[in-house]
Every structure is written in structure tokens, then in C-alpha cells.
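Data block below; observations after.
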Amino acid sequence: MPRADRQAEPGSTGRGETVVLAPDAAVNETERRLCGPGAVSRPAVAEGMAHQGRRAATLLAQAAAGPLGSDTASTRVPWVHHRFGAGPTSGFAFELDASLAQDAVDHCLVAHDLARRVGAAGVCRLAVPQAGMLDRVVLPDQALLKAFENTEPPTVAPRQRTEEAILTDAVLAFRRAAEVTGRPLFMITVDGPENPEVALLVSGAARRDARCLARALERDGLRCGVVCVHLLRPFPTAALSHVIGGVKRLLLVPGGAGFVEAARRAAIEGGLTAVPVLGEPLASDAAIDAVREALDLDGRSSAAREDADGRSLVLTARPSGWAERFLLDVARRIAPGDSIRLSMEHDALVFGRRPDAPEPPAQIALCAHPTYLESTRLLLRLDQGAVLVIVAAGPLPVDWWGDLQPDTRALVLGLGLRLHWLDLSASDGADP
């Protein structure tokens with residue numbers, strides 16, 4: 001596989017503001033920064049604002065609420081429509097696909113650029129994220145937005161454009177977004193080792209799960225890469241056949257409507273005549289064995305499916321207002337790309353696989369004052385043997401333990417907590 005088509009780790013810094021957000025929240029915040037009042041809820045309103053010469057885009061509503069208005073572009077003006085998952089759309093000139101927040105944010109820049117180049121609206125799809133999911137993501141800041149404005153291509157006059165012309169414009173749009181963000185961005189990206197034994201061919205909506213499965217296959221002794229197609233329409237057949245030309249064995253993962261057929265045509269052009277299709281969902285426990293079966297590989301998985309983040313670490317804090325800001329800041333500083341799964345479960349930050357419990361017990365807790373041990377349900381959220389850090393603006397009072405209620409002391413002892421007192425009076429709390 002050509003190294004030129006390899007993309008940096010999602011969440012790699014580049015230029016912009018690093019935050020931790022849910023994927024849909026990251027898209028909406030990006031569009032608000034790009035479009036200002038042109039970031040709206042309904043497609044018809046976005047299209048109307050585009051007719052007024054404004055940059056416009058729809059925002060993602062809650063996935064459970066469904067789309068607001070029709071997924072239709074009725075006239076040829078440049079704007080961007082965002083929607084969750086697969087489903088029919090009408091009148092759009094191109095379609096981008098993502099599951100990772102960083103991909104989805106970068107697609108916003110690409111889509112606005114491409115829409116101006118082709119003089120028509122485009123669709124950005126986002127796979128429906130799991131409840132509470134968080135990603136470390138770099139959003140456009142003021143400097144990036146200014147650079148994007150200064151290099152924006154002129155809007156072309158409305159006219160019918162061929163798929164070849166749109167693909168050419170898409171290459172230019174990805175290239176300009178890469179120059180502005182400082183991140184390598186391509187229509188097709190390749191993740192994983194050099195010269196893999198097998199590569200999973202997926203759409204952008206499956207990239208997150210495919211990377212997770214590839215890591216599991218690596219631990220099982222199979223060198224696996226991931227070839228991801230971000231631009232689904234028009235389909236980049238020639239570019240994909242070039243990328244997969246050196247792949248030893250390719251396994252197709254079903255995507256949106258027509259993806260398997262289009263990908264198979266590209267594989268044939270790349271010299272791969274027999275391309276099996278994965279018969280199990282990427283995130284299922286049976287996926288590893290399904291890969292081996294589809295490729296006629298010897299042996300079975302040595303263990304049940306376990307993500308690289310198969311075990312979880314749960315961190316919670318009190319009081320609630322400060323706690324949310326603190327937990328998101330911890331996530332922003334610790335989590336690299338998508339190699340560690342992040343989610344927010346009620347008042348707790350979960351690193352790794354999401355626990356089955358609706359309120360997972362926490363292994364680490366921070367408390368802003370010992371009184372919160374009794375005025376909140378903090379102790380009831382802690383795991384056996386958890387670490388409890390009490391953050392205070394002064395040294396440990398001599399009588400703090402005796403001031404606690406007998407039931408509270410009994411619960412602390414029964415849980416076998418490891419207590420630490422953190423005196424902030426000796427620190428200014430500033431970043432180094």
C-alpha cells in the first residue's frame with residue numbers, strides 16, 4: 001500500500017484547539033465556528049441562507065430525535081448537510097463518511113471547500129456514536145478559520161459537473177484542508193503496519209470499529225491494516241484501486257448503499273479478483289474468527305474478542321460543576337486519538353470498554369472537600385479498594401476523621417479505600 005495515502009493518528013494535534021467532546025458535539029461546534037448564524041437545524045433554512053451568499057450548514061440533532069426536515073438539496077448552491085448514519089438523500093453532489101470525531105471535523109472543512117468548487121451542496125454522514133462516547137479532537141481556532149477564509153476558492157457558477165470533475169475538486173479540497181490544519185488528509189487513508197497480511201476495506205463510518213478489530217487481530221498474530229474510503233460519492237474507484245494494488249489479501253466490510261459493489265469494482269481494477277465480504281459486525285465477539293474463516297486462514301482465535309481497552313478505569317469527582325470540567329480536562333490530556341475509548345457515564349469518566357453497569361463503580365475519585373463525602377453519593381459510587389483523593393486548600397486537619405459521621409467512617413473502612421489528602425495551598429495550580 002502506498003505510504004503517501006497513510007494518515008496520521010486521528011486526534012493528532014495539527015493546528016487548532018484540542019478539546020474532548022462527543023463526535024456529534026464536535027461537528028456542531030465546528031460548524032458554528034465556520035458558519036456563525038449559518039449553522040442551522042433545517043436543510044431548507046441552510047439552503048436559503050446559501051442563496052443569500054452565506055456559508056451554511058445543518059447541525060446534527062440528537063440521534064434518537066431523527067432528522068429535522070427533508071434530506072434534500074433542491075437547488076444548486078453550496079452548503080453542507082450533516083446527518084447521522086445511512087439513509088436516502090436527494091440532490092447532493094458529494095458524500096463524506098465518518099465515525100471518528102476528528103475525521104468528521106476535518107470533513108466539515110473539506111465539504112465547505114468542495115461545495116464552493118462544485119457550486120452545489122454535499123452531505124457529511126456520521127455513524128451514530130454510542131451513548132456517552134467522547135473523542136479527543138482538534139477544532140478550528142480563530143487562526144485556522146482566518147487561514148481557511150483567506151484561501152477559500154471562489155464559488156463556481158451553478159452547472160452540472162461530471163463525477164471525474166468532482167473527484168478532481170475533492171483532491172484539491174482535501175489538500176487545502178490538510179494545508180490549513182497541518183494534518184495529512186486524504187479521500188482514502190491507510191492505518192496499520194507496513195505490508196500487512198490482510199487489510200480491511202471499510203467506509204469512514206466503520207473506521208473506528210475496524211481499527212479496533214485490526215488491533216485485536218494483531219494481538220492474535222495476524223498483521224492487519226485498515227483501508228478507509230472517506231469520500232463515498234462520487235466513488236474514487238481509480239484512487240482506491242491504486243491504494244490496494246499492493247495488498248496481499250483484502251476483506252470487504254459492508255458499508256452504506258452500494259459500497260460493497262463499488263469497492264469490489266475498484267479491487268478488480270487493482271488486480272484482486274476474489275474479495276470476500278466479512279459476515280459478522282466489526283464490533284462483535286465473533287469478528288476475529290469470521291475474518292479467519294472468510295480468508296481461509298488456519299486456526300481460530302486464541303481468545304475471545306477483547307479490545308485493546310478491554311478493561312476499564314473509572315474516574316469520578318465531586319462537586320458536579322467543577323467535576324465535569326476537571327474530568328474533561330483529564331481526558332483531553334491523557335487520551336491519544338482513538339487508542340483509548342472514552343465515555344462519560346453520568347458523573348464518571350470511563351477509560352476503556354464501557355462497563356455493563358448503568359453507574360459503573362469508580363476506581364479513582366477526587367473530592368473538593370471532606371464534607372462532600374456525606375453531602376453527595378460519592379462513597380456509593382466507589383469500587384472496593386478505590387483511591388480517594390481529597391483536594392483541600394490547606395493541610396490535613398487533625399480532627400477531620402472524627403468529624404465524619406460513624407456511618408461514613410464505617411463505609412470508608414468497609415470499602416478499604418486508599419485515602420490521600422492533597423493540599424493546594426502550596427501550589428498556584430497553574431500549568432507548567
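The values are calculated or read from the model by the stated rules, or taken from the named source; none is laboratory data. No experiment lies behind these values; they were computed from the predicted model shown. Cβ: placed from backbone, ideal geometry, glycine included. Neighbour counts: every protein chain shown. What goes into the accessible areas is simple: the full protein's heavy atoms, side chains included, and nothing from ligands, DNA or RNA. Shrake-Rupley method; radii C 1.70, N 1.55, O 1.52, S 1.80 Å.
Values computed for the structure shown
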quantity: Qualifying position, being of a type in the set (A, V, I, L, M) and either modelled with pLDDT of 90 or more or surrounded by 15 or more Cβ atoms within 10 Å (Cβ to Cβ) (or both), among Ala257, Ala262, Ala274; calculated: Ala262
quantity: The listed residue being open to solvent by 10 Å² or more (accessible area, probe 1.4 Å) and touching a strand residue (DSSP E or B) at 6+ places or on another chain (Cβ under 7 Å), out of Ala210, Ala238, Ala205; calculated: Ala205
quantity: Among the residues listed as Arg161, Arg183, Arg125, Arg136, the single one being crowded, with 16+ Cβ neighbours inside 10 Å, in contact (Cβ under 8 Å) with a residue 60 or more places away in the chain and over 30 Å from Phe351 (Cβ atoms); calculated: Arg161
quantity: Given (1) open to solvent by less than 10 Å² (accessible area, probe 1.4 Å); (2) under 25 Å from Ala131 (Cα atoms); (3) not charged (D, E, K, R), index of the condition Phe84 fails; calculated: (1)
quantity: The one condition in (1) closer than 30 Å to Glu47 by Cα; (2) out of contact with any Phe, Trp or Tyr (no Cβ under 8 Å at 6 or more places or on another chain); (3) open to solvent by less than 30 Å² (accessible area, probe 1.4 Å) that Pro154 fails to fulfil; calculated: (3)
quantity: Residue within the stretch 92-99 that is surrounded by 24 or more Cβ atoms within 10 Å (Cβ to Cβ), of a type in the set (Asp, Glu), touching a Gly at 6+ places or on another chain (Cβ under 6 Å) and in contact (Cβ under 8 Å) with a residue 60 or more places away in the chain present; calculated: yes
quantity: Verdict on Ala131 being touching a Ser or Thr at 6+ places or on another chain (Cβ under 9 Å), open to solvent by 50 Å² or more (accessible area, probe 1.4 Å) and modelled with pLDDT under 95; calculated: yes
quantity: Residue list for the stretch 365-386, filter: hydrophobic (A, V, I, L, M, F, W, C) and either more than 18 Å from Leu424 (Cβ to Cβ) or touching a Cys at 6+ places or on another chain (Cβ under 8 Å) (or both); calculated: Leu373, Leu378, Leu379, Leu380, Leu382, Ala386
quantity: Neighbours by Cβ (under 8 Å, 6+ apart or cross-chain): first from the stretch 253-275, under 22 Å from Arg83 (Cβ atoms); second among the small types (Gly, Ala, Ser) and assigned to a helix (DSSP H, G or I); calculated: Val253/Ala206; Val253/Ala210; Gly255/Ala205; Gly255/Ala206; Gly255/Ala263; Gly256/Ala205
quantity: Residues (open to solvent by less than 80 Å² (accessible area, probe 1.4 Å) and modelled with pLDDT under 70) located in the stretch 301-313; calculated: Ser301, Ala303, Arg305, Asp307, Ala308, Asp309, Gly310
quantity: Some residue of the stretch 368-387 being open to solvent by 60 Å² or more (accessible area, probe 1.4 Å) and part of a strand (DSSP E or B); calculated: yes
quantity: Among the residues listed as Ala165, Ala178, the single one being out of contact with any Cys (no Cβ under 6 Å at 6 or more places or on another chain), under 21 Å from His242 (Cβ atoms), at pLDDT below 95 and hydrophobic (A, V, I, L, M, F, W, C); calculated: Ala165
quantity: Filtered residue count, the stretch 388-419, keeping only those that are assigned to a helix (DSSP H, G or I) and of a type outside the set (Asp, Glu); calculated: 12
quantity: Search result, residues across the stretch 164-180 that are open to solvent by 30 Å² or more (accessible area, probe 1.4 Å) and of a type in the set (D, E, K, R); calculated: Glu164, Arg175, Glu179
quantity: Residue count for the stretch 314-327, restricted to those that are buried (at least 18 other Cβ atoms within 10 Å of the Cβ) and out of contact with any Ser or Thr (no Cβ under 6 Å at 6 or more places or on another chain); calculated: 6
